[in-house]
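Everything on this sheet refers to the single structure shown next.
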Amino acid sequence: MTVMDKINSQTRTIMNAILDQEPLNYIEAAGLYGIVAQGRFNVALLQVMYNHAHDPELKALIKEAINHHTEMTIEEAEDKLLDSDGHTPAFHFVKRNLHDSPVNIPDDARLSDQEIAIAVGTMAKAAQAAVLTALHSSYQLDVALMYRKALDHGLDFDYRLLQLMLSRGWLPHLTKISH
């Protein structure tokens, strides 16, 4: 995305916020509700994985996934639901403390850093698929732009996670088809 595309996108968002005050439709509200519900669960899982991880770069990426991707998207989706007199999911999960130093868990009872990285990557891909599905059923420009921003940031995050996995040798070997 070029700088000009970003400027045009922000201009559309501002103009839409001023001129278009239409409430969410049921499909958009359901998509936002699902994003909030799944996001809250993802935060709980990411907190546990953060505490199991030993690699400092992996821990930093997980913390970023919690604070700058998942929680921000949840907050934006909740705001859009509440602005349209919608309801947010009534359930919450326990907030766990993030331990910067490795927690003493026996190796046979915890996930390895490789397993954690694969799980985080799988969660990110599933989240992007859900966001893309919600984007395709969105009519409100500001909702669509929120989803597009989440996808842009998610793809950047995935790339950095993949680079870490490559450098650590954590990518599983997949047999190639030979003819």
Helical contribution to [θ] at 222 nm, DSSP H n ≥ 4, -39,500 (n - 2.57), averaged over the chain, rounded to 500
-22500 deg cm²/dmol
Extension gain (nm, one decimal) between K63 and L162, 0.36 nm per residue minus Cα-Cα
34.0 nm
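Let a ≥ b ≥ c be the square roots of the eigenvalues of the Cα gyration tensor of segment 60-179; is it rounded (a/c under 1.5), or, if not, prolate (a/b larger than b/c) or oblate? Can you show the working numbers first?
Values: a/c = 2.53, a/b = 1.42, b/c = 1.79.
Since a/c reaches 1.5 but b/c is at least a/b, the shape of segment 60-179 is classed as oblate.
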Dipole magnitude (debye, nearest 20) for the chain, charges at Cβ of Lys, Arg, Asp, Glu
440 debye
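If you take the beta carbon distance between D85 and T11 as r and set R0 to 22 Å, what does 1/(1 + (r/R0)^6) give as a FRET efficiency, to the nearest 0.05?
On the way: r = 28 Å, r/R0 = 1.26.
Once the sixth-power term is evaluated, E becomes 0.20.
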Alpha carbon centroid spacing (whole Å) that separates segment 110-179 from segment 53-105:
16 Å
If M123, M146 are placed from fewest to most neighbouring beta carbons inside 10 Å, the sequence is M123, M146
Helix axis angle, 141-168 relative to the chain longest principal axis, alpha carbon, degrees
10 degrees
According to the square roots a ≥ b ≥ c of the eigenvalues of the Cα gyration tensor, what is the shape class of segment 1-134, taking rounded for a/c under 1.5, prolate for a/b larger than b/c otherwise, and oblate for the remainder?
prolate
Cα-Cα longer than 28 Å, checked against K6/K95; K125/K176; K6/K176; K95/K149, kept in input order, equals K6/K95; K6/K176
Distance in nm between pseudo-label sites at L171 and V94 (7 Å out along the Cβ direction from Cα)
3.8 nm
Mind sorting M49, M4 by how few other Cβ atoms lie within 10 Å of their own Cβ, fewest first?
M4, M49
Neighbour-count ranking [beta-carbon atoms within 10 angstrom, fewest first] of S84, S137
S137, S84
Using alpha-carbon pairs under 8 Å, 6+ residues apart, how would you state the relative contact order of the chain in percent?
30 percent
Using a simple spin-label model with points 7 Å from Cα along the Cα→Cβ vector, what separation in nm is obtained for V103 and N25?
4.4 nm
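Coordinate-derived values only; no laboratory data. All values reported here derive from a predicted model rather than from experimental measurement. Here the Cβ is made from the backbone with ideal geometry for all residues, glycine too, and neighbour counts use every protein chain on show.
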